[in-house]
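The values are calculated or read from the model by the stated rules, or taken from the named source; none is laboratory data. Since we're looking at a predicted model, the values are computed, not measured. All Cβ positions, even for glycine, are placed from backbone atoms using ideal geometry, and neighbour counts span all protein chains on display.
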Amino acid sequence: MWVRAGMAYRASFVMTLVGNLLITGLDFVAILLMFAQVDSLGGYSLPEVALLYGLSATSFGLADLAFGSVGRIGARVRDGTLDTLLVRPAPVLAQVAADRFALRRVGRVTQGALVLGYALAVVDVDWTVVKALLVPVMLVSGAAIFCALLVAGAAFQFVAQDAAEVQSAFTYGGTTMLQYPPTVFGRDMLRSVTFVLPLAFVNWLPAAYVLGRSYPLGLPQWAGFLPPVVAVGCCALAGAAWRGGLRSYRSTGS
């Protein structure tokens, strides 16, 4: 229904889609401006940073396309309209994710994929079958990790009903951070996004294996193959948090 509504005015949809693509592309323009002044960033060349950018932006774009609408759950909790979803014969999470589904978010996925395609074409990597297969694994696992963060953030809004911006700090903020090399961040920050909030498994660790680089925390190379395991664990925890938040819901005025 929301796709049909968004496509009702085709010219408006196309302009919104292109605008979304261009606006999200400004992040990469900022990186290009940096490399207009320097030859490397944290020891990484432009193609290597573009690879990190493309992996992060595409993974988050896929997650945002599928679950970006769950951030509105706080408003539904406040005004009681979540009650209408509870009485329908469909999973509440699926309904919340589909609510006001915005097809224009495909622009973010497209922009990230274009940068990723450029990076894969020019990056200096001794490609093997394992490294080539690791790229789609990173995209799927990274999207699952971001989906888990979006769902966990939505679950938190059952408790703190006006916390959409807190969720954005970890999702939008996280994908922006992952677009830069891990070597430009302090070790405490790296530890927090590796062992606490495992964003490093979206691209930093597996990309370190692909690029033949060591991770600043000195983790073994096999850590680059853990994104699917981390993604499953994150999704399981996010699912448990969502179910717990849903059980705690008591509607308005109670």
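Considering only residues that are in a loop (DSSP other than H, G, I, E, B) and farther than 26 Å from G224 by Cα, look in region 22-80 and name the one that is modelled with the lowest pLDDT.
G80
Here are the criteria: (1) more than 20 Å from V49 (Cα to Cα); (2) modelled with pLDDT under 95; (3) buried (at least 21 other Cβ atoms within 10 Å of the Cβ); (4) under 20 Å from the mean Cα position of the chain (by Cα). Tell me which single one C234 does not satisfy.
(2)
Checking the structure you have, find out if any residue of region 207-220 is surrounded by 22 or more Cβ atoms within 10 Å (Cβ to Cβ), under 13 Å from the mean Cα position of the chain (by Cα) and among the β-branched types (V, I, T).
Pass one, region 207-220, residues surrounded by 22 or more Cβ atoms within 10 Å (Cβ to Cβ): 207, 210.
Checking which are under 13 Å from the mean Cα position of the chain (by Cα) leaves us with none.
The answer is no; no qualifying residue exists.
Suppose we keep only residues that are among the aromatic types (F, W, Y) and in contact with a helix residue (DSSP H, G or I) (Cβ under 6 Å, 6 or more places away or on another chain) within region 4-46. Which one would you say is surrounded by the fewest Cβ atoms within 10 Å (Cβ to Cβ)? Spell out how you get there, then give the answer.
At the first step, the residues of region 4-46 found to be among the aromatic types (F, W, Y) are 9, 13, 28, 35, 44.
Restricting the remaining residues to those that are in contact with a helix residue (DSSP H, G or I) (Cβ under 6 Å, 6 or more places away or on another chain) gives 13, 28, 35.
Numbers: F13: 16, F28: 20, F35: 14.
Filtering first and then ranking leaves F35.
Testing M1 on (1) surrounded by fewer than 17 Cβ atoms within 10 Å (Cβ to Cβ); (2) of a type outside the set (G, A, S); (3) closer than 30 Å to L133 by Cα, one condition comes back false. Which one is that?
Single failed check for M1: (3).
Per-residue answers, yes or no, for (1) among the hydrophobic types (A, V, I, L, M, F, W, C); (2) closer than 21 Å to P182 by Cβ:
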{"site": "Y53", "(1), (2)": "no, yes"}
{"site": "S59", "(1), (2)": "no, yes"}
{"site": "A66", "(1), (2)": "yes, no"}
{"site": "R76", "(1), (2)": "no, no"}
{"site": "D79", "(1), (2)": "no, no"}
{"site": "D99", "(1), (2)": "no, no"}
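Kindly list, by first and then second residue, each pair from a residue in region 80-108 that is more than 23 Å from G19 (Cα to Cα) to a residue that is not in a helix (DSSP H, G or I), limited to pairs with Cβ atoms under 7 Å and residues at least 6 apart or on different chains.
Once the first residue is more than 23 Å from G19 (Cα to Cα) and sits in region 80-108, its partners that are not in a helix (DSSP H, G or I) give G80/S251; G80/T252; L82/Y249; D83/S251; Q95/R88.
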